[in-house]
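A short worksheet on the structure shown next.
The values are calculated or read from the model by the stated rules, or taken from the named source; none is laboratory data. Because the structure is predicted, anything quoted here is derived from the model rather than measured. With ideal geometry, Cβ positions are generated from the backbone for all residues, glycine too; neighbour counts draw on all protein chains shown. Note: areas computed on protein heavy atoms with side chains; ligands, DNA, RNA excluded. Shrake-Rupley method; radii C 1.70, N 1.55, O 1.52, S 1.80 Å.
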Amino acid sequence: MDRTIAIEVSRLTKTYDGGHVGVADLSFQVYEGEIFGLLGPNGAGKSTTLRTLITLLTPTSGSASILGYDTVRDADVVRQLIGYVPQERAIDRFLTGREHLELLGALYHLSKAEASKRIAELLKLVELEEAADRPAKTYSGGMKRKLDIACGLLPNPKILFLDEPTLGLDVQSRLRVWDYVRMLKGRGMTIVMTTNYLDEADQLCDRLAIIDGGKIKTLGSPAELKARLGGDIVSLTLKDQSKIPLLVSALTGQPAMRTVKTTPSGLDIRVDSPEKALSAILESANRLDCRLEFIEYHRPRLDDVFIAHTGRSMTESVQDIQTGS
Amino acid sequence: MAQYWQEIHALTMRWVRRLSREKFSMLFTLVQPMLFWLIFFGNLFQKAADVQVTQAPNYISFLTAGVVVMTVLNNGLAGGVDLLFDKENGFLERLMTTPIHRSSVILSRFIFVMSITSLQVLVILGVAFLFGVQPATGLLGVAAILLIGMLFGVGLTAISMAMAFSVKSHGDFFSVLGFLSLPMIFLSSALVPLAGMPPWMGFLARFNPMTWAIDAVRPLILSGWTEALPHVAMVVVVMIIFDAVCLYGSAKAFRRAMG
């Protein structure tokens, strides 16, 4: 299927002063009308990629273009075409919601009439009409996020960039943001988002790239990525954890098992066909007198894809962020 | 050009709005701590200061020029603070993704800082007037004082903004600010004329652009045009060089921050 390319990233490399590599030789395309996710641990290069696309960073080598316009050479054109919703609540606490939008209206060179028409629509869309004339410092976290999104939508962009759109939001606000994103896609907007939440990527993204160490580890639709991983996963929890190595060596190499991995409380076994594998697993466990506390069987989830490609789970990397390492 | 003006106007009005939102901070911006220097320090040292040294009818009339330029100094050095907060909370980044001329962010800040500084200088001259200090050169002299203040302020604000864009944290910014401000004041002719200083301090003070500004503002207040004019002409030249150096030095930080 031939699809129109909205964003073309070609051999993008960014090395910061001091030699830290942001991204290395990154290439991918985003199609028009899709929701594209950039997924990865902190420091993986998501932010560098996003900030290059929105013209805030100049690549060390390689290039990125938005609807055919280079992010460096044609930065001014690109800026007219995109909307950006930053990760931080980039809000001036002293200004009202409406004043934020009016300021941006002037910066996008809209006429007064055009701006006020668009602002009225956006305030309605994000349900901030009542709070529009209150200073932003009185807003809740969810309301600030809504204002952020309205600001991103003010230029009526062809492509919207969302940086961690639901970070730190309560469940309800989170679902609300998801609704907006789906609605905007419904209107034909191309959306690029970074996220730390796997369920969010799974729910929203048409395609996603898992980035780690400045490189793309894998790219595809969530379903493709899971299928590509191959095999379903059987997780065992053992009553007596000292028996784990025994069971691992018994199962490893058996024809029905693809891989056998030790977990803190038991084993994760990737299998081709659960019917054959389960009986073999249970038989071995009985023979070795390993009492099973719990058996779980599931199709590969995005978590498994993430672990397979980055060598760690998302929760671990999020903890890394929190401890500042 | 119309677009450029639209941007600058909107960005400048943002600073004005912010200030007007906070009644207290607006009050304290106009009735600033600098007034305490004038009112308390000026009257306190009335007897302690030697008229032979100050060459002024009283200490408060001598000090007025110093307080005017100190106000310019403090405002200029603090001029980048709001941009620092914008940088830290991501607001600057949001502005930078819009199709604006990169310079309008900086220009709007200059306009705002210069306007507030001029207002404050007028308040100081007004309070000094209440204590009997009448500018010898009249309203035209007041205009000249404002001009000198702005010329000095441009360079200072440029340094402050460049620092705001360059520092890692706002802690660093305020440390440098606190560290700079007092020596700049003591090593200038704000409180004591050059002739009345210990030679080593007087020597250092000669290299302080603040001294040049004060030595032009002071005769405008105390003496009259004949005495003031050569100083004013001189300070304009010195300040243009000072501003050029500051802007040149800051340009790299601006360019880096503005992408």
Point to revise | Delta accessible area of at least 40 Å² on complex formation, residues of segment B:66-105, 1.4 Å probe, chain isolated as reference | key: B:Asn89, B:Phe91, B:Glu93, B:Arg94, B:Thr97, B:Thr98, B:Pro99
Point to revise | trypsin sites (Lys or Arg not before Pro) within segment A:220-252: DSSP coil, no more than 16 neighbouring Cβ in 10 Å | key: A:Lys239
Revision key, fill the gap. Within 10 Å of the Cβ of an average residue in A:105-118, the count of other chain Cβ atoms is 3
Point to revise | Burial of 30 Å² or greater, segment B:233-259 residues [accessible area, probe 1.4 Å, versus chain by itself] | key: B:Gly259
Check your understanding: In Å², what does the accessible area per residue of the protein assembly as shown work out to with a 1.4 Å probe?
Key -> 46
Point to revise | Fraction of beta bridges assigned by DSSP in the protein assembly as shown that are antiparallel (%, nearest 5) | key: 70
Exercise for review: Sorted from largest down, give the three principal axis spans of the alpha carbons of segment A:79-120, whole angstrom values.
Suggested key: 29, 25, 15
Practice item. Go through A:Lys217/B:Lys87; A:Lys46/A:Lys217; A:Lys14/A:Lys217 and tell me which ones have a Cα-Cα distance over 21 Å in this structure. Key: A:Lys217/B:Lys87
Review point. When the helix-only estimate is applied to chain A (DSSP H runs of n ≥ 4, each -39,500 (n - 2.57), divided by the residue count), what is the mean residue ellipticity at 222 nm, nearest 500 deg cm²/dmol?
Key: -11500 deg cm²/dmol
Point to revise | FRET E, pair B:Lys23, A:Leu282, Förster distance 60 Å, beta-carbon r, rounded to 0.05 | key: 0.20
Check your understanding: For peptide B:116-127, how many partner chain Cβ atoms fall within 10 Å of a residue's Cβ, on average?
Key -> 0
Exercise for review: Using only C-alpha atoms and all pairs of different ones, pull out the Kirkwood radius for segment A:187-325 in Å with one decimal.
Suggested key: 16.7
Check your understanding: Roughly how big is the A-B contact, given as buried accessible area in Å² (both sides, 1.4 Å probe, nearest 100)?
Key -> 2600
Point to revise | Ordering of A:266-272, B:76-82, A:128-134 by burial proxy (mean other Cβ atoms within 10 Å per residue, highest first) | key: B:76-82, A:266-272, A:128-134
Practice item. Starting from the amide H of A:Asp272, placed 1.01 Å from N in the peptide plane, find each other amide H under 5 Å away whose residue is 5 or more places distant or on another chain. Key: A:Arg258
Study note, to complete from the structure: Residues whose built amide H sits under 5 Å from the amide H of A:Thr96, excluding neighbours closer than 5 in sequence, are A:Ala136
Check your understanding: With the dipole of the protein assembly as shown worked out from charges on the C-beta (+1 for Lys and Arg, -1 for Asp and Glu) around the Cα centre, which of B:Ala78, B:Pro230, B:Met197 lies farthest toward the positive end?
Key -> B:Pro230
Check your understanding: At a Förster radius of 25 Å, what calculated FRET efficiency corresponds to the Cβ-Cβ distance of B:Val31 and B:Leu182, to the nearest 0.05?
Key -> 0.70
Exercise for review: With the convex hull built on the Cα atoms of chain A, state its orientation-averaged projected area in nm².
Suggested key: 20.3
Study note, to complete from the structure: Taking Cα atoms only, Rg over Rh for segment A:231-299 with Rh from the Kirkwood formula is 0.91
Practice item. Could you state the orientation-averaged shadow area of the convex hull built on the Cα atoms of segment A:1-98, in nm² to one decimal? Key: 8.4
Check your understanding: Near A:Lys185, which lysines are there with a Cα under 16 Å away, not counting those fewer than 8 places off in the same chain?
Key -> A:Lys158
Practice item. Would you mind calculating the relative contact order of segment B:66-258 from Cα pairs under 8 angstrom and at least 6 residues apart, reporting the percent as a whole number? Key: 33
Check your understanding: Sequence-distant or interchain residues sharing an amide H contact under 5 Å with A:Thr190, placed H: which?
Key -> A:Gly33, A:Leu160
Check your understanding: Within straight cross-link reach of A:Lys112, meaning Cα distance under 21 Å, which lysines are found once same-chain residues fewer than 8 apart are removed?
Key -> A:Lys124
Review point. Given 0.36 nm per residue, what is the gain on full extension from A:Leu219 to A:Leu246 after removing their alpha carbon distance, in nm?
Key: 6.0 nm
Review point. Calculated from DSSP H runs of 4 or more alone, at -39500 (n - 2.57) each and per residue, what is the 222 nm mean residue ellipticity of chain B, nearest 500?
Key: -25000 deg cm²/dmol
Practice item. Calculate, axis by axis, the spread of Cα positions in segment B:66-258 along the three principal axes, and write the results as whole Å, longest axis first. Key: 52, 37, 29
Practice item. Translational diffusion coefficient, Stokes-Einstein: compute it for the protein assembly as shown using the Kirkwood radius over C-alpha pairs as Rh, at 37 °C and 0.692 mPa s, and state it as an integer in µm² s⁻¹. Key: 117
Exercise for review: Kindly point out which whole DSSP H helices in chain B project their C-alpha atoms 30 angstrom or further along the helix axis while averaging a Kyte-Doolittle hydropathy of 1.6 or above.
Suggested key: B:103-130, B:138-166
Review point. Once phi is turned into θ = phi - 60°, what whole-Hz ³J(HN,Hα) does the Karplus curve with 6.51, -1.76 and 1.60 give for every residue of segment A:38-48, x standing for Gly and Pro?
Key: 10, 10, x, x, 4, x, 6, x, 4, 5, 4
Practice item. List, in order, the whole-Hz ³J(HN,Hα) value for each residue of segment A:106-123 obtained from phi through the Karplus relation with A = 6.51, B = -1.76, C = 1.60 and θ = phi - 60°; use x for Gly and Pro. Key: 5, 6, 8, 6, 7, 6, 3, 5, 5, 4, 5, 5, 5, 5, 4, 4, 5, 4
Revision key, fill the gap. Expected integer from the mean partner chain Cβ neighbour count at 10 Å over A:85-95 is 5
Practice item. Please report, as a whole percent, how much of the solvent-accessible surface of the protein assembly as shown comes from carbon and sulfur atoms (probe radius 1.4 Å). Key: 60
